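Asks: I'd like to ask you about the structure that follows.
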Amino acid sequence: MPRTGGAYYYVHRELGDTWGFIAGWLLSFDQILMIAYGALGTINYLSAMIPLVSRWPINSVLSILVIVMIMVINILGIKASARFNLTLLTIDLLGIMTLLVLGYYLVISRGITMPRLSFNYAYLIHGLTYSFRGYTGIDVIAQSTGEAMTPYISVPRAIISVSALSTAVALLISLLTILSGALTAVSSNTGDPIGALARYLLNNTYLSAYISISIAIVLLISVNAGIVDFSRSIYVMSEDGLLPGRLSSVHGRYRTPHLAIIISSLIAMLFVMPGSVELIADSYAIASTMVYLMTMIALIIFRNKEPHLMRYFRIPGIVIRRLEIPIVSIIGIAIYTFSIILIIIIKSIYVLVVLSWLSIGMLLYMLNRSSRCT
């Protein structure tokens, strides 16, 4: 659909204002957490070269400075933000390719020996919990659909390409870690796992430092993307009457939604203050999983309520008693329901964080509705 908003748009269109607000509010929470995760992750990765920066409160202070820097870039204009993203992405891709090419060359030249790995049920459950949220963030592409020139072609192509590339890189790095015997070194260094793999394999301080920096730099893209997408989400929700209209105001000179940019940055700063990556990542996973589950339900309604709408990209479905259900909805509902159960069992404390954010949003939503009625 050629509209900005991503998952929010589908839920709002098919499930109404209240559920639409819940989806949009949780998505905006994800975007704030994306800012916080990127900023704190950047500083944590740099600790491989400067150990002092990973200590609290130094890591929190430096993360706040990172957020302020990206915030200013976004207020100055979308072109500056886009150029900044492209530069960071180029540096990151070169770093990942360097690690993979040199890493596999060293492994093959030394002779491949598959190590014996014992099965552990507890590891499997934790692994599933993390893997189900591994592709969160790709929805950023859908957030900007309204700005694409040919969204019905470019958006599905971009999502499929990014998903395929992410899967390939993840599998290649995981396999390289196992074949090289670096599993212990990587798993014991959760703050900088790719850097730990590079140091283990390459034994070159400068090259390992470059790869660590390239990963740290790409996390800045998360900060930038979070700020950009939060401003768009707030703008669309405000335009639809679900939030106060003032939140969609743009700067007189730079023509950017400066108020939304500043608000998202300030809230993200609160989340980096404790210096906990786990708090940010797990809260993000819970909020996004709830939104995606609502989206899968909305897509079933969308397919049946508006069957004659032009669909350039159509996922096959099955028909049950005249109800057509897209295959992606069947798979999505099963996966996200199972994922939510796992999260409640393993990460229940962070559910309270998400519910607190949702409670604040519902209060704001009701106040906005009452003010519009009067």
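Asks: Please list, ordered by chain and number, the residues whose modelled amide H lies under 5 Å from the amide H of THR4; skip anything fewer than 5 residues away on the same chain.
Replies: Those lying under 5 Å, H to H, from THR4 are GLY146.
Asks: Once the cut-off is 18 Å, how many percent of the Cα-Cα pairs in segment 28-91 end up in the long-distance tail?
Replies: Beyond 18 Å sits 44 percent of the P(r) for segment 28-91.
Asks: Can you give the convex hull volume of the alpha carbon atoms of segment 191-264 per residue, in Å³?
Replies: Here the figure is 108 Å³ per residue.
Asks: Next up: Name the long-range amide H neighbours of LEU243: under 5 Å, sequence gap of 5 or more, or other chain; modelled H, no Pro or chain starts.
Replies: SER238
Asks: Now a separate question. Longest exposed-loop-site-free stretch of the chain, with chymotrypsin sites (Phe, Trp or Tyr not before Pro), DSSP loop and at most 11 other Cβ within 10 Å?
Replies: 120-311
Asks: Against the longest principal axis of the chain, how steep is helix 258-272, in degrees 0 to 90 to the nearest 10, with axes from Cα atoms?
Replies: 50
Asks: While we're looking at this one, here's another question. Counting other Cβ atoms within 10 Å of each Cβ, which trypsin sites (Lys or Arg not before Pro) in segment 228-292 have at most 16 and sit in a DSSP loop?
Replies: Answer in residue order: ARG253, ARG255.
Asks: Using +1 on the beta carbon of Lys and Arg, -1 on that of Asp and Glu, and nothing else charged, what's the dipole of the chain about the Cα centre, debye to 20?
Replies: Value, rounded to 20: 420 debye.
Asks: While we're looking at this one, here's another question. Show SER161, SER118, SER222 ordered by accessible area, largest first, where the area counts protein heavy atoms only and the probe is 1.4 Å.
Replies: SER118, SER161, SER222
Asks: Taking amide hydrogens as modeled 1.01 Å from N in the peptide plane, which residues meet the under 5 Å criterion relative to GLY317, leaving out close sequence neighbours?
Replies: Correct list: ILE327.
Asks: Express in nm, to one decimal, how much length is gained between ARG255 and SER109 on full extension, taking 0.36 nm for each residue of separation and deducting their alpha carbon distance.
Replies: Result: 47.0 nm gained on full extension.
Asks: Here's another thing I want to ask about it. Which angle between 0 and 90 degrees, to the nearest 10, do you get for helix 58-76 versus the longest principal axis of the chain when only C-alpha atoms count?
Replies: Here the helix axis deviates by roughly 50 degrees.
Asks: Report, to the nearest 10°, how far helix 277-305 tilts away from the longest principal axis of the Cα atoms in the chain, using its own Cα long axis and a range of 0 to 90°.
Replies: Value to nearest ten degrees: 50.
Asks: What value, in deg cm²/dmol to 500, does the helix sum -39500 (n - 2.57) over DSSP H runs of n ≥ 4 give at 222 nm once divided by the residues of the chain?
Replies: Here the helix-only value at 222 nm equals -25500 deg cm²/dmol.
Asks: What trypsin sites (Lys or Arg not before Pro) does segment 301-374 have in DSSP loop regions with at most 14 other beta carbons within 10 Å?
Replies: Answer by residue number: ARG311, ARG314, ARG321, ARG322.
Asks: State whether segment 269-374 is rounded, prolate or oblate according to the following rule on the C-alpha gyration tensor (a ≥ b ≥ c being the square roots of its eigenvalues): a/c under 1.5 gives rounded; otherwise a/b larger than b/c gives prolate, and the remaining case gives oblate.
Replies: oblate
Asks: With a 1.4 Å probe and every protein chain left in place, work out the accessible area per residue of the chain in Å², rounded to a whole number.
Replies: Dividing the accessible area of the chain by its residue count gives 52 Å².
Asks: Which whole-number percentage describes the relative contact order of the chain, with Cα contacts under 8 Å and a sequence gap of 6 or more?
Replies: 32
Asks: While we're on this one: Given the C-alpha atoms of the chain, compute the convex hull and give its volume per residue in Å³.
Replies: About 161 Å³ per residue, rounded to a whole number.
Asks: Starting from the 7 Å offset along Cα-to-Cβ, what nm value, one decimal, do you get for the label separation of LEU52 and ARG3?
Replies: For LEU52 paired with ARG3, the spin-label model returns 5.3 nm.
Asks: Under the 0.36 nm per residue contour assumption, what length would be gained going from the current alpha-carbon distance of ARG372 and ILE91 to full extension?
Replies: 96.3 nm
Asks: What part of the accessible area of the chain, given as a whole %, is carbon or sulfur when the probe is 1.4 angstrom?
Replies: 69
Asks: From zero outward in steps of 5 Å, how is the percent of C-alpha pairs of segment 215-325 spread across the bins?
Replies: Bins of 5 Å from zero give 2, 9, 12, 15, 15, 14, 13, 10, 6, 3, 1, 0 percent of pairs.
The values are calculated or read from the model by the stated rules, or taken from the named source; none is laboratory data. Keep in mind the model is a prediction, meaning the values are calculated, not measured. When we count neighbours, we look across all protein chains shown, and the Cβ atoms used for this are built from the backbone with ideal geometry, even at glycine. When the accessible area is computed, the model is the full protein with side chains, heavy atoms only, and any ligands, DNA or RNA have been set aside. Shrake-Rupley method; radii C 1.70, N 1.55, O 1.52, S 1.80 Å.
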